Amino acid sequence: SFGGKYYGMREEWHPDLGEPFGIMFCIRCRCVQTSRKGKVDGRVSCKNIKKECPRLTCPDPVISPKQCCSTCPEGAGSPELNVSTTADVGLLLAPSRNPLKPAEILKPAPLPKQSNDEERMEKTAEEDSEEDVYSVLLTGSQMYPPVPTAAAARGRLTLWRKNLHYSIQSFGMSRPRIVRFTDRLGTVLFEHEVRGTSQPLPSQVCGVWRNLHPVYVRYLQRSMVYVTLVTPSWPAGEIRGKVQSDRVGGPETFGSLLTPKADDAHAWLGAGGEAVLVAGPDGTSVDFMVMFNGLWDGKGNSLVPVHLQLTHPGWNITLRETHADITAQYNEFAEVWTNLTEQELGWMMRGELWLTVTAGNLEYPREISGPITLRQTCDTIHAVLSGSQAIPRTETGAAGSAIFHLHTNGSIDYQISTAGLRSRVTSLTLEFDEFHTGVRRVVRDLTPTYNPFYQTATGLEEGWSMLDIHSFLHSDL
């Protein structure tokens, strides 16, 4: 809320300060989403947009009512920069041929032109807002024409200060050669040539699209951006997906990439899906959302039966089952698993459980499946140690750093270095701030691994609880 009025998430407005100031047309406010400990909230972020006004070439610019920027009188000149972000701007970029056919060459999209100053202020995205999180599910069925592949990928994208950081995890395909961002018509907006030595894992691609133009930020916010993975076998692209605002209600703890079986003659090639699982506050439940594409044509209002299974392939047992009838035009559903046993949680933490989605009542049902793993990330998980964060605060000049690496089996290795300590180390701990009260609970005691001569500590920690690993993944330790 702002000034007694309520606004929707990501809604933008000019604040009204009342008499004698009135509406501040050079200030743009936005309701931005925040999330902590699984709770989604919102806050207001305001920005002075006068610095975004274009430079004018006319000698006597004028300011029209309800506008922030000066404009040139008709016929007196024009601004140096013209940018439009109207809803139908993609139509201006429509090529005269299908842009996704293999034989055609895609070129970077030109920037569209501006209509007027007020529209630019209202429509242009707030470049320095809080971070926005997006997701993408890539399958062969979303290519044109569809690609009969058993490959799929899932990605998480974070927009922060005009830079789009992305992490894409794939399965069933060779390492992508190019990550291609396009608009809905297939016009290339950005390409990232993948170099193997710069990537953390063979199945993971990490990168940054820097300095997004405000028009492309608006494309992101309106789900008008697509990602295509290009492989040596498919030079026009093997899998593709639409970038959408992250729809999960809380921070991801576990994830699963679901693909058809490549060695099954009846596999529904081109299909794929993903599951996002979030640890419940009680430590024994999991909220999850499953999204899939290509299991059916997505038309009509008929109901499609969907069967979901949680299994342990090594023991050949089914632990949980969920049935749902989904309207054909929707490709997702959410559920909660409660009262997970200690053994089930241990298997899930170690990446031993699989998720299987089966659709339809056919002789050969359409099936996709994949392992459940802890959240895969391209981020470096680290900590900077200083006296200012100690309880009570100290000013001795001592400092330190810690780097952590999370393995797919749920273990965490660490490297900790300190410098400038004036007395011997008596304890080294990982702690959790209980509900931000300042009262800290010791999660792990790492003191035995500290070497006083080198002032370092290295080791491996296993057997984490689900809530502690969730806190670790989301910067709460």
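The values are calculated or read from the model by the stated rules, or taken from the named source; none is laboratory data. Source: prediction; values computed, not measured. Don't worry about glycine lacking a Cβ; one is built from the backbone with ideal geometry, like all the others, and counts go over all protein chains shown. For accessibility, only protein heavy atoms count, side chains too; no ligands or nucleic acids. Shrake-Rupley method; radii C 1.70, N 1.55, O 1.52, S 1.80 Å.
Those residues that are surrounded by fewer than 17 Cβ atoms within 10 Å (Cβ to Cβ) and among the small types (Gly, Ala, Ser), I need them from the range 288-341; list them, please.
Gly298, Gly300, Ser302, Gly314, Ala324, Ala328, Ala334 - these are the residues of the range 288-341 that are surrounded by fewer than 17 Cβ atoms within 10 Å (Cβ to Cβ) and among the small types (Gly, Ala, Ser).
Being open to solvent by 90 Å² or more (accessible area, probe 1.4 Å) and closer than 30 Å to Thr456 by Cα is the requirement here; does Ile381 meet it?
Here the answer is no, as Ile381 does not meet what is asked.
Could you look through the range 143-170, keep only residues that are touching a Lys or Arg at 6+ places or on another chain (Cβ under 9 Å) and over 20 Å from Arg247 (Cα atoms), and pick out the one that is most open to solvent (accessible area, probe 1.4 Å)?
Tyr144
With Val278, Val290 as the choices, which residue is of a type in the set (A, V, I, L, M), modelled with pLDDT of 85 or more and either assigned to a loop (DSSP other than H, G, I, E, B) or in contact with a Pro (Cβ under 9 Å, 6 or more places away or on another chain) (or both)?
Result: Val278 is the single residue among Val278, Val290 that is of a type in the set (A, V, I, L, M), modelled with pLDDT of 85 or more and either assigned to a loop (DSSP other than H, G, I, E, B) or in contact with a Pro (Cβ under 9 Å, 6 or more places away or on another chain) (or both).
Among the residues of the range 303-338, which ones are of a type in the set (S, T, N, Q) and either in contact with a Ser or Thr (Cβ under 6 Å, 6 or more places away or on another chain) or farther than 23 Å from Gly351 by Cα (or both)?
Gln309, Thr311, Thr318, Thr327, Gln329, Asn331, Thr338
Inspect the range 113-125 for any residue being under 25 Å from Gly370 (Cβ atoms) and either basic (Lys, Arg) or at pLDDT 50 or above (or both) and give the result as yes or no.
The answer is no, given that none of the residues of the range 113-125 is under 25 Å from Gly370 (Cβ atoms) and either basic (Lys, Arg) or at pLDDT 50 or above (or both).
Yes/no per residue for (1) assigned to a strand (DSSP E or B); (2) over 10 Å from the mean Cα position of the chain (by Cα); (3) not assigned by the TED database to the domain that holds Val217:
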{"position": "Leu137", "(1), (2), (3)": "yes, yes, no"}
{"position": "Pro148", "(1), (2), (3)": "no, yes, no"}
{"position": "Gly155", "(1), (2), (3)": "yes, no, no"}
{"position": "Thr158", "(1), (2), (3)": "yes, no, no"}
{"position": "Tyr166", "(1), (2), (3)": "yes, no, no"}
{"position": "Arg175", "(1), (2), (3)": "no, yes, no"}
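Any idea which of (1) outside any strand (DSSP E or B); (2) touching a Phe, Trp or Tyr at 6+ places or on another chain (Cβ under 9 Å); (3) open to solvent by 80 Å² or more (accessible area, probe 1.4 Å) is the one Phe472 doesn't satisfy?
Among (1) outside any strand (DSSP E or B); (2) touching a Phe, Trp or Tyr at 6+ places or on another chain (Cβ under 9 Å); (3) open to solvent by 80 Å² or more (accessible area, probe 1.4 Å), Phe472 violates only (3).
Answer yes or no as to whether Leu308 is under 17 Å from Leu258 (Cα atoms), modelled with pLDDT of 90 or more and either outside the structural domain of Lys242 (by the TED database) or not in a strand (DSSP E or B) (or both).
Against the criterion (under 17 Å from Leu258 (Cα atoms), modelled with pLDDT of 90 or more and either outside the structural domain of Lys242 (by the TED database) or not in a strand (DSSP E or B) (or both)), Leu308 qualifies.
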